[in-house]
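The values are calculated or read from the model by the stated rules, or taken from the named source; none is laboratory data. In this text the structure is predicted, and so the values were computed from the model without any measurement. Cβ sites come from the backbone with ideal geometry, for glycine too, and all protein chains shown count toward neighbours. Accessible surface areas use protein heavy atoms only, side chains included; no ligands, DNA or RNA. Shrake-Rupley method; radii C 1.70, N 1.55, O 1.52, S 1.80 Å.
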Number of protein chains: 2
Amino acid sequence: LLLPVWTSAINEDIDVLVILPKNNSYLFSISRVTPAIEYARRKMRSDVGLYSGFNFNVHYDNSDCGNEALFNLVDRSCKKKPDLILGPVCEYAAAQVVRMASHWNIPVISAGALATGFSNKEKEYSHLTRVAPSYLKMAETFSAMFHHFGWKTALFIFDDDKEERNCYFTLEGVHNILHSEDYKIDIFEIHPKDYRVDIEEIIKYTYESEVIIMCAGANVIRDIMLAAHRRMFTSGTNVFFNIELFNSSSYGNGSWKRGDKYDAEAKQAYAALNTVTLLRSVKEEFENFSVEVKKATQKAGVYGYEDGDNVNVFVEGFHDALLLYALALGEVMKNGSNKKDGAQITHRMWNRSFEGIAGQVSIDANGDRSGDFSVMAMTDHEAGTFEVVMNYFGINGSIQVLPGFSRERFTLKDRHRNPFPEHPNKSC
Amino acid sequence: LLLPVWTSAINEDIDVLVILPKNNSYLFSISRVTPAIEYARRKMRSDVGLYSGFNFNVHYDNSDCGNEALFNLVDRSCKKKPDLILGPVCEYAAAQVVRMASHWNIPVISAGALATGFSNKEKEYSHLTRVAPSYLKMAETFSAMFHHFGWKTALFIFDDDKEERNCYFTLEGVHNILHSEDYKIDIFEIHPKDYRVDIEEIIKYTYESEVIIMCAGANVIRDIMLAAHRRMFTSGTNVFFNIELFNSSSYGNGSWKRGDKYDAEAKQAYAALNTVTLLRSVKEEFENFSVEVKKATQKAGVYGYEDGDNVNVFVEGFHDALLLYALALGEVMKNGSNKKDGAQITHRMWNRSFEGIAGQVSIDANGDRSGDFSVMAMTDHEAGTFEVVMNYFGINGSIQVLPGFSRERFTLKDRHRNPFPEHPNKSC
C-alpha cells in the first residue's frame, strides 16, 4: 500500500551496522536477530522493482549491553561511518550510541531503548526511531485503566538491579504518566541483592494503595502474592498487576507453580493477579517468518524457543526496522537527496504506518511506535490458567474487553480503613 | 624532592587535549584555566635539565559541560589521538570522555569529575586521575565530625537541578560514607524549578534529625535558616551545615545580608550555621601564580575575580595536573617505555605526593587527591562575620580546632521529643 514505485532503476549500497550483544542470554543477541535481518534483506531483494536495488551490507558489532557499543561504533567509524545503525537495545548502550549517531547525522532504529528519556528527541536523541513500543506507550494502558475503573492510588513495587535496570525503566514510564495525571503513587524498591525482601514492609504500604503494580522476578512476585493473599488483600480490596513484557507466551502456564507445598495457596493468590503484556499478532506471514527465524537461530546453536513460541518483539522489530528504513530512503532519494541525509531519512520514518512482519506498525510523530497491550487474568481457577481478558490499543487509546473479562475483578470493594499513619511520599 | 634527574637529554612532543567549557560562567572555563596551564608549561620549559625537553602542544576543545565533550574528542581523535586529556570537570561530560579515553589507553587528569561514581577505577574510569578532592573526600570531614561529636542522625536538604546536579553529587558522597557507617539519614530534595520550597515540610523533617546538612542556593539556605530560627531549632537542638566548596573566599562576608527587613533575624539565625568548604593554602608561590593567572584572565576579557580572591581549585588543579603528568611520564620513559603507555603513566601518578602550586598534593592509591577542608562559623555575632574554626586533614583523618572553636556549638542540647510519627526512610 505505502510502498513507493520506482520509475528508474536504483543501485545503492547501504552500510548497516547492527550493535547488539553477542551473549545469547539476551533475547536480542546478534545470533537471534541476524536471521530476521537476513529475512528482510532476502524479501527486499526479491521485491522486483521496489527495493531490489538496495544492497544492504550488514556488519555486526557486540554492544555487550554496555560501553562496548560506543567503543565499537567509534573505532569502526573512524575509517568509514555506517549509513544506518540498528540497535542497541540496552538503555545505557543505546544512550551513548544514539548521541554519537545523532551528532554524526546517522539514523538509528532500535527495537529497544525503551526508557522514557529517549522520548525527548529534541537534542541528543534526534536520530532515534523506536520500532517497538516504549515503556511510556505501555504506561498508557495503565492510564486508560485508571481512568476507566476510577482508581486513585497506586503502589509500585519493583526490582532494581542497578545495572540494566529494566524494571526501574518500566515503572518510570508508568510513574511519569500517572504522576502527571495526579494519581497518588507510592514506591517500593527492591534490591534483589538484598533479598530476602522485607514482605512485612511491602504489606504496610499495600494498606494505603488501591492498585499494586509490580515488576520483579517470578519468585519475588510469588512471595508478595502469597503474603497478600494471607492478609486477605486478594479478595477485592486491591487490584494487582504484574508487568511482563517479553515472555508473554510462556506466562500463565504455571508461574504460580513451583512444586512446593505453597502451590495450592499460590494458585488461589494468583487468581487476583493481572498481567500486562504485549499484544502479539498472529498473521500468516508472521508464522512463516517465525518458523524460519527459529529454525535459523537453532541452526546457529542458540536455544530458548519452546514449541509454539513465536519470535520475540525485538527480533520482529529489527526485521521491520530495515523495511521502514528502505521506505524512507526510497522517498528521500526520489526527492533528490541520498543516504547521507540522516535527518531527512529519520523524519520520513516518523508519523507513518506501514505493514510490518506481524501486522500494521504505526510510528508516531515523535518517531516512537504505538503499542497494543493485553491484560491477562486467571480464567480457569481449577487449572489455574490465564487468558487475555482485555486489550489496549495505543493508536486510538481504546480498551477492548474479551469474553473472560469480568468488571468485578477490576472494581475495588469497600476499602478497609488505614490502620497506619500517613507517610510522606518522596519523589525518587 | 621527588623530581627525577635526567641523565640524558630528552625531546618529546606531547599532545595535550584540554576539554572544558567555553562559557565563562563556569569557574573552570577554557579562558580561566588556560593561563594556569601556560604557567605550568613556562615553568617546566625553564626547569633546565628536568622537563625542559617536554614540548606540550596544547589544544583546547569545548566540553559545553555536556555531550559536546565526547563529540569533540572523538571527531578530533579519528585523525590522531592525544597523549593526555585534561578535563572535563562536569560529571556527565567527564563520564563519557573518561570512558572513551580509558578504552583508548589515554590518561585523563581532571580537577573535576568529583562524583562518587568516578571512584570506581576498575573498569570504565581506569585512566582517570583526580587532582582536586572529590565529594567523597569532602564527606570524610562529616564522618570525622559525626564520630568526634557523637551525632547519630542527619537530614540532607539539597537542591537538584537535574542537569549538572552538583548538590546531588555533593551529598551523594556524604550519603555513601555516613550510610555505610550506619547513621540514620533522611533526605529532602528541593527542585529549584518548583520553588517556592515547602519550608513547613522541611521543618517537619528537622524535628527528627540532629544534624542538618544542606547544599542549595544562598536564598534557599537563608529561608530555611530563618524558618529554623523561628522554630527555635537554632538554639542547640540541631547542628546546621551548609556545603559551599567553590566560593569559599566570598563566603561569610554577609551571605545572610540582603538589605531586606529580615537581615537582623537572619544574622541571628546564621550564628547557628556552619559552612564546610575547601581548605585553601597560601604559600608564596601560589600568591604569585594567582596574581599572574588573574591578570591573564582579565586580559582575556573574563571577569569574576574580586580583589583578594585567589584563583579557584579548578584552575590550581589543572596547573598541578600538568606537573604530575610530567613527573609520571619522566619515570615511565626512564623505565624504557613511552608516552603511549597510558596505563603505566596513570599508575605512576597514583599513590604519590608532589609539590603543587599551592602546597603538597597527595594522590591516593586509587588515583584521587586527598582533601583538606575547613569548617567556618560566625565568630563575631555583632558584625555577623565568619571564620574558620576547625580544619580536617584528609591525609591522616585528623581534626584541628582553631581559636574560634567552641565545643558547645557542636554539642546537641537535650532534644525535644518527636511530635511526629516515624516515617519510612526510603533509599533514593
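Listed values, structure above:
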quantity: Amide H contacts under 5 Å for residue B:274, placed H, 5+ residues apart; calculated: B:240, B:241, B:242
quantity: Three-way shape call for the stretch B:1-123 based on the alpha-carbon gyration tensor, with the a/c threshold at 1.5; calculated: prolate
quantity: Calculated from backbone phi, Karplus (6.51, -1.76, 1.60) coupling profile of the stretch A:365-375 in Hz, x at Gly/Pro; calculated: 5, 9, x, 10, 6, 6, x, 10, 10, 10, 10
quantity: Amide hydrogen neighbours beyond the local backbone of residue B:190, cut-off 5 Å, H modeled; calculated: B:158, B:159, B:160
quantity: Lys, Arg +1 and Asp, Glu -1 on Cβ, resulting dipole of the stretch B:110-247 about Cα centre, debye, nearest 20; calculated: 280
quantity: The stretch A:123-216 shape via C-alpha gyration tensor axes, a/c threshold 1.5; calculated: oblate
quantity: Helix-derived mean residue ellipticity, 222 nm - over chain A, DSSP H n ≥ 4, -39500 (n - 2.57), to 500; calculated: -11000 deg cm²/dmol
quantity: Residue-wise HN-Hα coupling along the stretch A:221-232, computed from phi with Karplus coefficients 6.51, -1.76, 1.60 (Hz; x: Gly, Pro); calculated: 4, 5, 4, 5, 5, 4, 5, 5, 5, 5, 8, 6
quantity: Accessible area per residue in Å² at 1.4 Å probe, computed on the protein assembly as shown; calculated: 42
quantity: Using alpha-carbon coordinates, inclination of helix B:284-299 to the longest axis of chain B, degrees; calculated: 90
quantity: Accessible surface buried once B binds A (1.4 Å probe; total of both sides; Å²); calculated: 2200
quantity: Computed P(r) (all Cα pairs; chain A; 10 Å bins; percent); calculated: 4, 21, 30, 24, 13, 6, 1, 0
quantity: For B:100-107, mean number of other protein chain Cβ atoms within 10 Å; calculated: 2
quantity: Cα-based reach from residue B:261 at 26 Å (exclusive), listing lysines while leaving out same-chain residues under 8 positions away; calculated: B:193, B:204
quantity: 5 angstrom amide H check on residue B:352, placed H, neighbours 5+ away; calculated: B:363
quantity: Of the trypsin sites (Lys or Arg not before Pro) in the stretch B:52-110, those whose Cβ has at most 13 other Cβ within 10 Å and which sit in DSSP loop; calculated: B:79, B:80
quantity: Under DSSP loop assignment and at most 11 Cβ neighbours within 10 Å, longest GluC sites (Glu not before Pro)-free interval of chain B; calculated: B:182-305
quantity: Shape category assigned to the protein assembly as shown from the gyration tensor of Cα positions, a/c cut at 1.5; calculated: oblate
quantity: Unit charges on C-beta of K, R, D, E only; dipole of chain B, Debye; calculated: 520
quantity: Only Lys, Arg (+1) and Asp, Glu (-1) charged, at Cβ; the stretch B:51-145 dipole about Cα centre in debye; calculated: 260
quantity: Set B:43/B:283; A:22/A:299; A:121/B:81 screened for pairs whose C-alpha atoms are more than 19 Å apart; calculated: A:121/B:81
quantity: Furthest towards positive pole of dipole, A:170, A:314, A:411, structure part the protein assembly as shown, Cβ charges; calculated: A:314
quantity: Folded to 0 to 90 degrees: helix A:135-149 orientation relative to chain A principal axis, Cα; calculated: 40
quantity: Other copies of residue A:13: label-to-label distances in nm, shortest first, labels 7 Å along the beta-carbon direction; calculated: 3.4
quantity: Hz values of 3J(HN,Hα) by residue in the stretch A:337-348 - Karplus curve (6.51, -1.76, 1.60), Gly and Pro given as x; calculated: 9, 9, 5, 7, 8, x, 5, 5, 4, 4, 5, 5
quantity: Share antiparallel - DSSP beta bridges, the protein assembly as shown, percent rounded to 5; calculated: 40
quantity: Whole-percent carbon and sulfur share, accessible surface of chain A, 1.4 Å; calculated: 49
